[in-house]
Amino acid sequence: MESINSIEDRINNSTTRIFKAVFPNTTNHYDTLFGGTALQLMDEASFICATRFSRKKVVTVSTEKIDFTVPIPQGTIIELVAKVSKVGKTSCVVRVDIYMEDMYSYQRTQAVTGHFTFVAINDQKKPIAMV
């Protein structure tokens, strides 16, 4: 039988980390990661996090301001870290940070931050309780 965890435990247990290498097919004419590619990866990581947190069907309903503070060059490694930052009755907000790492040193920089809101839904696509 599944044990019932506190909301804090569920948040910690659902934190999601994804690593990717930035290859030429994901970069623009400046040889930096396409903003749209970054958004797609962030939405995927936040979806996984929200699903792991709620263990329900969830859909993205909005994003808040996305801050691209540092360009991410081709040939770097990125880590996406998604963590639930707010829980409502039928929704949750997931913060996603993208960290950029140089492949050949220990240099690591936070490059992008954004917030994604998800709603839990039933089979009729109607909102249901998140937790």
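Just so it is clear, none of the values below were taken in a lab; they were calculated from the coordinates. Given the structure is predicted, the values throughout are model-derived calculations rather than measurements. Quick reminder, even Gly has a Cβ in these numbers, built from the backbone with ideal geometry, and neighbours come from all protein chains shown.
Under 1.5 on a/c is rounded, so check that first for the chain, then, if it is not, pick prolate when a/b is larger than b/c and oblate when it is not; a ≥ b ≥ c are the square roots of the alpha carbon gyration tensor eigenvalues.
Prolate, because a/c is 1.5 or more and a/b exceeds b/c.
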Local electrostatic count at Asn122 - Lys and Arg +1, Asp and Glu -1, tallied over other residues with Cβ under 12 Å: +3
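Could you give the length gained on full extension between Asn25 and Phe68, defined as 0.36 nm per residue of separation minus the Cα-Cα distance, in nm? The partial results should precede the final answer.
Values: separation 43, 0.36 × 43 = 15.48 nm, distance 1.95 nm.
Gain on stretching Asn25 to Phe68: 13.5 nm.
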Please work out how much length the chain gains when fully extended from Glu8 to Thr37, using 0.36 nm per residue of separation minus the C-alpha to C-alpha distance, in nm with one decimal. 7.4 nm
How far, in nm, would the chain grow between Thr60 and Glu44 when pulled straight, counting 0.36 nm per residue and subtracting the alpha carbon separation? 4.8 nm
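Tell me what the chain gives for mean residue ellipticity at 222 nm when only DSSP H runs of n ≥ 4 count, each as -39,500 (n - 2.57), the sum divided by the residue total, rounded to 500 deg cm²/dmol.
Dividing the helical sum by the residues of the chain leaves -7000 deg cm²/dmol.
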Quick one: Karplus J couplings for region 64-73, per residue in order, coefficients 6.51, -1.76, 1.60, θ = phi - 60°, nearest Hz, x for Gly and Pro? 9, 3, 9, 9, 9, 8, 9, x, 10, x
Output wanted: per-residue J couplings in Hz (rounded whole) for region 25-37, from phi through Karplus 6.51 cos²θ - 1.76 cosθ + 1.60, θ = phi - 60°, x for Gly and Pro. 6, 10, 10, 8, 6, 9, 6, 10, 4, 4, x, x, 5
